[in-house]
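Read through the structure below, which is laid out as structure tokens, and then see the notes.
The values are calculated or read from the model by the stated rules, or taken from the named source; none is laboratory data. Just so we're clear, the structure is a prediction, and the values are computed from it rather than from any experiment. Reconstructed Cβ throughout: ideal geometry from the backbone, glycine too, with neighbour counts over all protein chains shown.
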């Protein structure tokens, strides 16, 4: 049978309220009494009801990081950084993964509304775009909320992300310096990050005097050197090597956002942009911790510079 506060009170000759305060190290209770109560609790094997304490205090001591998956550096690196920042402040970071499942997404947000966390850090994805109402409601209610990497437009919450336009510009510029004669983009424009990167690509193409190709482009002359800007090497390979692609006879230079998988590539040159997810996540966690401590909500975008640009060549080249 579980030991309760009343059992501890009976064992040390105190009332229940005194025992409760003593176990919380309340300075209003004399040190000798606190020591006696805590010794009795240990002897009896008393374990506090943490949920009851959380309800009484009005906080859980937990911040949730919500992701669509944890199968990439873009997921586990920010989780590691944010957890360290939270831990240093006496908070726990819980990672919740919905795998783009609407039911899991809804369940997570129901539990947020039920008070199971103090703040929310979200990497927005397709399921959030399909059902933005939960995040809109949380932001409107003043719940501590921040976006990491990607965000939903129109929601008054800060976003901590890469300086994506500048990063895309630099990828194109480097490919142009390596001899690119045209630019091809291998990613879509379905979220805010992709749209911002596209702005950088367009600006760099204009600056370097390079045409911007599309899948509808006419076949390029044999030997044309094309800079292909994308998210990972597999994506680029599928696009430029697909049967019937109008640029199959071209030579390729690759510009990647993080996604090089160390596989041999049929490209003469690669430049890889490594984003600084550690700095992004730590800054976002600091903001949420400040909100939990009573700081006023903020809005806007915090841009974090790229960690590094690395030039690579295929094995054997």
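Quick notes on this structure:
- Residue identified as surrounded by fewer than 15 Cβ atoms within 10 Å (Cβ to Cβ), under 22 Å from residue 188 (Cα atoms) and either in contact with a strand residue (DSSP E or B) (Cβ under 8 Å, 6 or more places away or on another chain) or at pLDDT below 95 (or both) among 130, 124: 130
- Filter result for residue 60 (crowded, with 20+ Cβ neighbours inside 10 Å and part of a loop (DSSP other than H, G, I, E, B)): yes
- Single residue of segment 200-222 satisfying the filter (closer than 30 Å to residue 306 by Cα and in a loop (DSSP other than H, G, I, E, B)) that is modelled with the lowest pLDDT: 215
- Selected residue (only one of 296, 249 is out of contact with any strand residue (DSSP E or B) (no Cβ under 7 Å at 6 or more places or on another chain), assigned to a loop (DSSP other than H, G, I, E, B), at pLDDT 80 or above and more than 17 Å from residue 185 (Cβ to Cβ)): 296
- Counting only helices (runs of 4 or more DSSP H) that fall entirely inside segment 89-159 and contain at least 1 residues that are in contact (Cβ under 8 Å) with a residue 60 or more places away in the chain, the qualifying elements are 126-130.
- Flag: residue 169 does not match the condition of being crowded, with 22+ Cβ neighbours inside 10 Å and in contact with a helix residue (DSSP H, G or I) (Cβ under 8 Å, 6 or more places away or on another chain).
- Residue check for residue 288: outside any helix (DSSP H, G or I), out of contact with any helix residue (DSSP H, G or I) (no Cβ under 7 Å at 6 or more places or on another chain) and at pLDDT 95 or above: no
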